[in-house]
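Notes follow the structure.
Laboratory data are not the source of any read-out in this text; all were calculated from the coordinates shown. Since we're looking at a predicted model, the values are computed, not measured. Backbone-built Cβ (ideal geometry, glycine too); neighbour counts: all protein chains shown.
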Amino acid sequence: MDPSFDVSDPSDWLETPVKELAAVETALRCQVCKDFFDTPMITSCSHTFCSLCIRRCLTNDGKCPACRASDQELRLRRNWTVEELVEGFKRAREALLQFNQSIKVMEKERAQGKNKRKRNSASQGPDESIPSTSRRKTRSQGREAPGTHATSPNEIADTEEDDDYQPDDGLTACPICEKRMKEAEVFPHLDIHNEPASTPNGKLSPIRNMPNGLTSRSRQPTKTMERLPQLSYGLLKEQALRKKLLDLGIPNHGPKPLLIKRHTEWVNLVNANCDSSRPRTKRELLNELDTWERSQGRNILNGLGGNEASVMRKDFDGAAWATSHENDFQQLIAKARRKPPAQKENCDVNGVDNATERIQSSHFAASETSAVPQITGVTQVETESTLQRPLNPANGALARDVPSLEGMHPAAREPVIDLSGEPGNRQQPA
Amino acid sequence: MATSVASRRLFSEYRALTSSPPDGITAGPISEDDIFLWEALIQGPDGTPYEGGIFPAELKFPKDYPLAPPTMKFLGEVWHPNVYPTGLVCISILHAPGDDPNHYEQASERWSPIQSVEKILISVMSMLAEPNDESPANVEAAKMWRERRPEFEKRVREGVRRDLGLT
């Protein structure tokens, strides 16, 4: 596997003396994405998920993934406590893990009789491993200070625990500058580092790790995007929806089902971002939408029925398609030939061609709306330009569009009606 | 975030499955290039005619996983009421709510994003032990299971032995 794609997992704890932490970590992870909760939200059935995960689930089937109770996005509420727990645990995780592993190593050494520390009695092994409370950790850490884990375990040092800590030997290192000093001097000393730096995410400062740090950060006035309402897509014409996507500043190409999915995803991204205590910029969200587009959007296109992807398959067999759909083509041609006699008097010699072109134009107008990107409104000019294209059943590009007529909205099948209705669509507010 | 939600989650499930695998189950992506295609090995449950057999299966994940369930297909021949002759597994946990081929399943036992590969494979293992003949995917096998159980078991055992290359 890709080594850069390294994910942490609760099973990391199974190797350590405190396997029970695996359960703690599992509880702090979202059951949908299996990652730590990102902006946890609680549902009305009291289940907690990441904001984006639960929004995606609810727009998908409107049910809580855990108990399948029906729920609505509007009823989701922030779960601050869980967020603070996750933040705290995430900060402590690395150090805690290292510490647990170092205990394991220590035990091994002790078992081999190599331990030089003057700890009393022989049967320390099991005694040490079971009650590894944070108090213990802090203490042995102090002694371990000159060793390899001198800096990192200090990150988990909790203020209350260190207040009553009595250094019984040696010096300890400052986690920032690694200057050796008495344990009691470390915290006052840390302030020296903090004052000039004053970075909002001073990871090493225990004072800033307090939960209040989180809430106060979230209250900072940040330029956030506004929440977006859900749309009832059934009531929206394709052109109106396209316009809406354009107004939102997101791509507006593709057939209607893709537009709907894209809009849904965007609404979820934006609303989840509004929930977040660290909102991201619109640019970042657009990148995220692009990732979605590349991983899932295309899939939706393919799901629409075989060959309707916006790019034709390379190995598309135009001839076979023409043969298998010969009847359709024949019917269309027959239809086209049936109409002209009425107009023939007016249209002189070109009558037949005009009628054929009419058929073509309906083909292409339909295909414009379904497959060709970036069409916000089929203008008269565009429709006329399509008249120039040849009608050739063996031509893959055309053949591909034929089946799309079947599933097409009636309005799209009749481009003339579509066009006349268009000014009305355009007036719809964004 | 160059990786999609689905691949991240699949990777995380893969890690969990490798570090603490359930009994009798192994699963993982077939190649590094495609995390959406997995192969799984399931041991036949003890005390059933499938005992002793190792059943390889292929899991295909949709791009919107975990919103939609994967499909599972046995690669060898598995004579079982809930396995189509093509090897495709028909089990409620693999069906999204609203997509019920046989109209008998409770919504509560269907796919939900909180299910996982591990749970699917465990369900399939227990399906091997206890077929559900209400919705047979393989009608012949279901009939045999219901009416001629000894013959059914004999056929399954023969299949297991054949797959292991013992006959």
* Structure fact -> Ranked from fewest to most other Cβ atoms within 10 Å of their own Cβ, A:339, B:60 fall in the order B:60, A:339
* To do: Could you give the C-alpha radius of gyration of the stretch A:1-74 expressed as a fraction of 2.2 N^0.38 Å, taking N as the number of residues it contains?
  => 1.29
* Structure fact -> By Cβ neighbour count within 10 Å, fewest first, B:89, A:82 rank A:82, B:89
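Full-extension gain between residue A:280 and residue A:247, please, as 0.36 nm times their residue separation minus the C-alpha to C-alpha distance.
Stretched out fully, the residue A:280 to residue A:247 stretch lengthens by 9.9 nm.
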* Calculate, in nm to one decimal, what residue B:19 and residue B:139 gain on full extension: separation in residues at 0.36 nm each, minus their alpha carbon distance. => 39.3 nm
* Degrees, to the nearest 10: B:117-129 long Cα axis against longest axis of chain B -> 10
* **Order of A:80, A:292 under a 10 Å beta carbon neighbour criterion, fewest first** => A:80, A:292
* **Cα-based helix-to-principal-axis angle, B:149-163 vs chain B, degrees rounded to 10** => 60
* Picking from B:12, B:92, B:20, which is most flexible by a Gaussian network model of chain B using Cα springs under 10 Å? -> B:20
* **Stokes-Einstein translational diffusion, the stretch B:9-57 - Kirkwood Rh over all Cα pairs, 0.692 mPa s, 37 °C, in µm²/s** => 280
